[in-house]
Amino acid sequence: MNNKSFYFSHDYNARADIKIKKLIVKHGYEGYGIFWALIEDLYQNANALPLDYDCIAYDLRTKSEVIESIINDFDPFKVGKDTFGSISVQRRLDKRNEKSLKAREAAM
């Protein structure tokens, strides 16, 4: 396991969002855990993952139908032709990159 650990901000009231509540109603807390696993993977992959439901399902040890539903049915992700990402993740990545750039400029 890599000793380097990265942090990403997480809304403490994410469960209160109606989209997440509906996800939990349909898929239980397994679905909620899968949602956060997808968010983690998006952070590690520049906020873009291939729309390969079978591969993601294998990786997360669930059914591809569950993955497809979590990605498409509750509107938590921006889905393109071949990939998906998160507007929220992108906003946070942009903010982190902006802070990093400012810190780099200040150091120079």
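The values are calculated or read from the model by the stated rules, or taken from the named source; none is laboratory data. All of these numbers come straight from a predicted model, not from anything done at the bench. Because the Cβ atoms are built from the backbone with ideal geometry, glycine has one as well, and the counts that use them run over all protein chains shown. Please note that ligands, DNA and RNA were not included when accessible areas were found on the heavy atoms of the full protein model with its side chains. Shrake-Rupley method; radii C 1.70, N 1.55, O 1.52, S 1.80 Å.
Restrict the check to region 31-53 and report whether at least one residue is over 16 Å from the mean Cα position of the chain (by Cα) and assigned to a helix (DSSP H, G or I).
no
Among the residues of region 15-45, write down those that are without any contact (Cβ under 8 Å) to a residue 24 or more places away in the chain and among the aliphatic types (A, V, I, L, M).
The answer is Ala16, Ile18, Ile24, Val25, Ala37.
Kindly provide the set of residues from region 16-42 that are more than 14 Å from Pro76 (Cβ to Cβ) and open to solvent by less than 40 Å² (accessible area, probe 1.4 Å), ordered by number.
The answer is Gly28, and nothing else.
Scan region 82-94 residue by residue and report those that are out of contact with any helix residue (DSSP H, G or I) (no Cβ under 7 Å at 6 or more places or on another chain) and at pLDDT 95 or above.
Asp82, Thr83
If I go through region 54-79 residue by residue, how many of them are at positive phi and either basic (Lys, Arg) or part of a helix (DSSP H, G or I) (or both)?
The number of residues fulfilling the criteria is 1.
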